[in-house]
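As structure tokens, the structure follows; a few thoughts come after it.
The values are calculated or read from the model by the stated rules, or taken from the named source; none is laboratory data. Being a predicted model, the structure only gives us computed values, none of them experimental. Here the Cβ is made from the backbone with ideal geometry for all residues, glycine too, and neighbour counts use every protein chain on show. Remember, those area values only see protein heavy atoms, side chains included, never the ligands or the DNA or RNA. Shrake-Rupley method; radii C 1.70, N 1.55, O 1.52, S 1.80 Å.
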Amino acid sequence: MSQPSLQERLREMYPTLTRAEKSVANYMLTYFDRLGFETAASIAENVGVSQMTVGRFLRTMGYNGLPELKSDLLSQMEAPPLMVSDRLNRIRAEGTDDIWHNFDKDVAALQSAYSLRGTPAWKSAIRAISTAQKLHVAGFQTIAGIASGFATRLSYLRADVRIEDGRDGIFGDILGDQASTHCVVLFEMRRYTQASLHLAAAAEEAKIPLIIVCDTHCLWARDHTDMVFPLNTESHLFWDSHVPYSCLSTLLLNDLTAHLGDSVSTRLDRLRVLQDRFGAFSD
């Protein structure tokens, strides 16, 4: 029997770790493809813990240090170069506004979304969204618009998609009946809402497939599900970036369309007839 991979071990150990250890484990899982280029100092700085904490965590994982961990990862490490087109370079050169300092941040945010496509968690999420009898999409406060947009577009691809705002205070539509046939997609970014924390815990307890799309600072998501998509939301602007949420949503919808196959065409044809009947659009 083959030995579990580092990622599998990190996920297996995650619920038992301390908060500081979870910070290190979450960083390693989120930036797994970069580990070959990290140092204990860089991990400690990015996570906000001491190098001693990183060292202790590595020993817990069975490594004497980061070089020993890297030796296990050499065959897996790939860091594709960032490619920026000549057109974007030209546009960037035309202005001197400080807003361009954020450009690289947005590019990194987009890369973080694309890097999640095709992972085991991604494939599990596609299956869960496709096969659930009822699909619930939730997001609160500043992320509510992203969740609503995803739910609206997803409703074109499959039936029984519901946006959950938590207005009833108990998430009765999700937890009230036949919960095992449901699936929840939860969007969240800091500051994290109590509604998200309660919903995630309740979904796990009810054994409802749970998909969490969050930022890289979210340490509690992996306590409740393996289908976690952490996004780089760092920004020089006033708000953290929503760019990767929109990107990941669109990528999910694209792959769901391919996975659902002919049923999407059938549903779109029916919806188009209804749109024409009720004059939904002006064109």
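Quantify, in whole percent, the carbon and sulfur part of the accessible surface of the chain (1.4 Å probe; protein heavy atoms only). Walk me through the numbers before you get to the answer.
Numbers: 8200 of 15950 Å².
Accessible surface attributable to carbon and sulfur in the chain totals 51 percent.
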Which residues does the label zone of residue 71 cover in the stretch 24-54, counting backbone N under 19 Å from a point 7 Å along Cα→Cβ?
35-40
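Calculate, for the stretch 164-283, the solvent-accessible area per residue in square angstrom, rolling a 1.4 angstrom probe over the heavy atoms of the protein chains.
On the way: 6420 Å² over 120 residues.
So the stretch 164-283 comes to 54 Å² accessible per residue, rounded to a whole number.
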Given Cβ point charges of +1 (Lys, Arg) and -1 (Asp, Glu) and nothing else, what value in debye, to the nearest 20, does the dipole of the stretch 136-272 about its Cα centre take?
360
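Mean residue ellipticity at 222 nm from the helices of the chain, using -39,500 (n - 2.57) per DSSP H segment of n ≥ 4 over the full residue count, to the nearest 500 deg cm²/dmol?
Values: 13 runs with 140 residues, N = 283.
One gets -15000 deg cm²/dmol as the mean residue ellipticity at 222 nm.
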Hey, in the chain, which Cys have no second cysteine's beta-carbon closer than 4.7 Å?
183, 247
Matching label, log10 I(q)/I(0) by the Debye sum over Cα atoms at q = 0.08, 0.11, 0.16 Å⁻¹ computed from the structure shown, candidates [x] -0.40, -0.74, -1.35; [y] -0.54, -0.76, -1.22; [z] -0.35, -0.67, -1.34
[x]
Assign unit charges at the C-beta atoms only (+1 for Lys and Arg, -1 for Asp and Glu), then state the dipole size of the stretch 1-60 relative to its Cα centre in Debye, rounded to the nearest 20.
180
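Using a Förster distance of 41 angstrom, determine the FRET efficiency expected from the C-beta separation of residue 180 and residue 34, and round it to 0.05.
Numbers: r = 37 Å, r/R0 = 0.91.
Efficiency, from the Cβ-Cβ distance: 0.65.
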